[in-house]
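*Asks:* The structure that follows is given in the form of structure tokens.
The values are calculated or read from the model by the stated rules, or taken from the named source; none is laboratory data. All figures in this text were calculated on a predicted structure; none of them were measured in a lab. Glycine gets a Cβ as well: all are built from the backbone with ideal geometry, and neighbour counts include every protein chain shown. Surface areas here come from the heavy atoms of the whole protein model, side chains and all, with no ligands, DNA or RNA. Shrake-Rupley method; radii C 1.70, N 1.55, O 1.52, S 1.80 Å.
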Amino acid sequence: MRYRVTIENCSETYPCSEQQTLLQGMEQLGKRGIPVGCRGGGCGVCRVQVTSGTFSKAKMSRSVISEADESKRIVLACRCTPTSDLSISVVGKMQKALSAQRLIETEDDVSVAAVG
Amino acid sequence: MAFKGVLRPGLIQIRVLNMDEAINHYQNILGLNIVSTEADGRVYLKGWDEFDHHSVVLRQAESAGLDYVAFKVDSDDYLREIEPKIVAWGLEVDHVPAGEQPGVGRRIGFTLPTGHRIELYHQIDMAEDHPGINNPDIYQRRPDGMGASRFDHLLCYGPNIGKAREFFCDVLDFYQPEKVDLPEGDGSLAIWLTASNKAHDIAFVEHEEPGKLHHVAFLLQDWNEVGAAADIISINDVSLDIGPTRHGITRGQTIYFFDPSGNRNEVYAGGYTAYPDHPVRSWDFDHVGKGIFYYERSLNDRFLTVLT
Ligand code: FES
Ligand SMILES: [Fe+2]
């Protein structure tokens, strides 16, 4: 079964099967919008809030998703699979290691597209 | 013996979200061997070329990341003598009794100003399945997966890395083969520190959040093995970060990927031989891309932000 996922921040939309995580579905089609990190629920860069639809989720690192987050339907896109059409909004701050980091020009940037 | 005091990073305890997935990764993908599984659920592993009982400890937890890294020292006398020096430098030292990990003697531990817990130990049993000693063969049997031969080094992210450098160099007699300077002032963005001939035993990047892990690295023999590791990553759909590529810094040939809990791993080959009398190799901030990823010549966002 395939569902439609809409990323509200950038009005991107893509199909995602219930066998795939939201992040896998996006990456596999070369779409952008959700920052891609470890893909394992550990780093927290792929934080999204599900604004409509249903989903199932796997274990996520507590240091990046609190219980309060979960009750607000904030999840990690790499640990979350759709069980209906979904709308999500990207809420992870691509936190800069240093503000000076902006001096570095990056080209292959999967991630910045998301927030900006 | 010319090589005294701290010998190497010998033990690392990593938090994982799911033990079965982690075992599959560290055993079948990296190619470490399981030495034992203990009643508290922790799993102990080692690379094929390590003599000591184990080097990697996996602990299932609610969050991913690093519990601690422990450095092996050359004698129990050193452990006794170094403790007051660590205290005098300003860190609080605690004691972990022998047997807290199977086959490991007493350890002392402290937390760096970067937020990372470091331990020192001397005694550890020899592994049953150790490399050959008498008329030794290369190995007893061909290693699994990537065939990582040993735990090599780690990269930590946290604040006050200048203080960490001072501690390692002044108290533990490490030296600094290489660094990246900040654009302003005399601080460093990143430092590479070693107690040995390896270009780094531990490295740090300045970062506001304390105690973060960037990667744990394991040694491969050569560039061909790095290529084979890349094949294994694709065959098994392991989450790839970047590579195969080379670091300008250390000159290591490398590939970065993630374990199933999001902890970054590296397999690494080559790199120059470091000596304490060599000049500190320095990279200007505007050359950091080439320093970190020599072929791509630019940093990606993930290098600075994706941590556990
Ligand atoms: S990409 Fe790291 S938690 Fe999802
Ligand atoms: Fe490394």
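*Asks:* Which value at 222 nm does chain B reach when only helices count, each DSSP H run of 4 or more adding -39,500 (n - 2.57), with the total divided by all residues and rounded to the nearest 500 deg cm²/dmol? Please list the in-between numbers first.
*Replies:* Values: 6 runs with 48 residues, N = 308.
Rounded to the nearest 500, the figure is -4000 deg cm²/dmol.
*Asks:* If you take the alpha carbon radius of gyration of chain B and divide it by 2.2 N^0.38 Å, what ratio comes out, to two decimals? Intermediate values should be presented prior to the final figure.
*Replies:* On the way: Rg = 18.4 Å, N = 308, 2.2 N^0.38 = 19.4 Å.
Normalised by 2.2 N^0.38 Å, the Cα Rg of chain B equals 0.95.
*Asks:* Could you grab the Rg to Rh ratio for the range B:140-285? Cα atoms only, Kirkwood for Rh.
*Replies:* Working: Rg = 15.8 Å, Rh = 16.0 Å.
Rounded to two decimals, Rg over Rh is 0.99.
*Asks:* Report the net charge of residues surrounding residue B:200, where surrounding means a beta-carbon distance below 13 angstrom and charges are Lys +1, Arg +1, Asp -1, Glu -1.
*Replies:* +2
*Asks:* For the range B:246-275, which chymotrypsin sites (Phe, Trp or Tyr not before Pro) pass both filters: DSSP loop (anything but H, G, I, E, B) and at most 16 other C-beta atoms within 10 Å?
*Replies:* Within the range B:246-275, the qualifying chymotrypsin sites (Phe, Trp or Tyr not before Pro) (loop, at most 16 other Cβ atoms within 10 Å) are B:272.
*Asks:* Additional query: Using a 1.4 Å probe and ignoring any ligands, DNA or RNA, find the accessible area of residue B:235 and quote it in Å² to the nearest 10.
*Replies:* Counting only protein heavy atoms, residue B:235 exposes about 130 Å² to solvent.
*Asks:* Given Cβ point charges of +1 (Lys, Arg) and -1 (Asp, Glu) and nothing else, what value in debye, to the nearest 20, does the dipole of the protein assembly as shown about its Cα centre take? It would help to have the intermediate numbers written out before the result.
*Replies:* On the way: 42 positive and 59 negative charges, 184 e Å.
The dipole magnitude comes to about 880 debye.
*Asks:* Ok, one more. Could you run the numbers on buried accessible area between B and A, total for both chains, 1.4 angstrom probe, in Å² to the nearest 100? Walk me through the numbers before you get to the answer.
*Replies:* Details: alone 13460 and 6560 Å², together 17600 Å².
Answer for the B-A pair: about 2400 Å² buried.
*Asks:* Further question on the same structure: Tell me, which cysteines of the protein assembly as shown are without a disulfide-compatible partner by the Cβ under 4.7 Å rule?
*Replies:* Result for the protein assembly as shown is A:10, A:16, A:46, A:78, A:80, B:156, B:169, no neighbouring Cys Cβ within the cutoff.
*Asks:* Of the candidates B:185, B:109, B:248, which one comes out as most mobile in a Gaussian network treatment of chain B with C-alpha springs shorter than 10 Å?
*Replies:* Largest GNM mean-square fluctuation: B:185.
*Asks:* Nearest-5 percent of antiparallel DSSP beta bridges in the protein assembly as shown?
*Replies:* Numbers: 68 of 92 bridges.
Rounded to the nearest five, the antiparallel share is 75 percent.
*Asks:* Within the range B:150-305, what whole-number % of the accessible surface is contributed by carbon and sulfur, with the 1.4 Å probe and all protein chains included in the calculation? Please report the intermediate quantities before stating the final value.
*Replies:* Values: 2540 of 5590 Å².
On the range B:150-305, the fraction of accessible area on carbon and sulfur atoms equals 46 percent.
*Asks:* Along Cα→Cβ, 7 Å out, is where each label goes; now give me the distance between the ones at residue B:111 and residue B:38 in nm to one decimal.
*Replies:* So the two model labels end up 2.1 nm from each other.
*Asks:* Counting only other chains, what is the mean number of Cβ atoms within 10 angstrom of the Cβ of each residue in peptide B:260-267?
*Replies:* Values: counts 5, 7, 16, 5, 5, 0, 0, 0.
Shielding by partners across B:260-267 averages 5.
*Asks:* With a 1.4 Å probe and every protein chain left in place, work out the accessible area per residue of the protein assembly as shown in Å², rounded to a whole number. Walk me through the numbers before you get to the answer.
*Replies:* Numbers: 17600 Å² over 424 residues.
With the other protein chains kept in place, the protein assembly as shown gives 42 Å² per residue.
*Asks:* Compute the signed sum of charges (Lys and Arg +1, Asp and Glu -1) over the other residues within less than 12 Å, Cβ to Cβ, of residue B:264. The partial results should precede the final answer.
*Replies:* Details: positive: A:39, B:212, B:302; negative: B:241, B:259, B:266.
Charge balance near residue B:264 sits at 0.
*Asks:* How about the range B:119-165: which chymotrypsin sites (Phe, Trp or Tyr not before Pro) there lie in a loop by DSSP and see at most 15 other Cβ atoms within 10 Å?
*Replies:* Values: sites: B:121, B:139, B:151, B:157; in loops: B:139.
Those that pass, being in a loop and sparsely packed, are B:139.
*Asks:* Return the Rg/Rh ratio of the range B:6-121 with Cα-based radii and a Kirkwood Rh.
*Replies:* Values: Rg = 14.8 Å, Rh = 15.0 Å.
My calculation of the ratio gives 0.98.
*Asks:* Could you give the nm distance between label points at residue B:98 and residue A:18, where each point is 7 Å from its Cα heading toward the beta carbon?
*Replies:* Computed distance between label sites residue B:98 and residue A:18 equals 5.7 nm.
*Asks:* Any of A:57/B:290; B:212/B:290; B:4/B:290 with alpha carbons more than 27 Å apart? Name them for me. Show your work: numbers first, answer last.
*Replies:* Working: A:57/B:290 39 Å; B:212/B:290 24 Å; B:4/B:290 34 Å.
With Cα atoms farther than 27 Å apart: A:57/B:290; B:4/B:290.
*Asks:* While we're on this one: So what is the relative contact order of the range B:1-148, in percent, for Cα pairs below 8 Å that sit 6 or more residues apart? Numbers along the way, then the final one.
*Replies:* Values: 294 pairs, mean separation 42.8, N = 148.
Once normalised by length, the contact order is 29 percent.
*Asks:* Among the trypsin sites (Lys or Arg not before Pro) in the range B:1-94, which ones are in a DSSP loop with at most 16 other Cβ atoms within 10 Å of the Cβ? Mind listing them? Kindly include the intermediate steps, with their values, before the conclusion.
*Replies:* On the way: sites: B:4, B:15, B:42, B:46, B:59, B:72, B:80, B:85; in loops: B:4, B:42.
Hits after loop and neighbour filter: B:4.
*Asks:* Using label points projected 7 Å from each Cα along Cα→Cβ, tell me how many nm separate residue B:123 and residue A:83, to one decimal.
*Replies:* Each label point is offset 7 Å from its Cα along the Cβ direction, giving 5.4 nm.
*Asks:* Separate question: Considering Cα pairs under 8 angstrom that are at least six residues apart, work out the relative contact order of chain B and quote it in whole percent.
*Replies:* Details: 753 pairs, mean separation 53.6, N = 308.
After rounding, I find 17 percent.
*Asks:* Right, here's the next one. Using a 1.4 Å probe, how large is the accessible area of residue B:223, given in Å² and rounded to the nearest 10?
*Replies:* Per-residue accessible area (residue B:223): approximately 100 Å².
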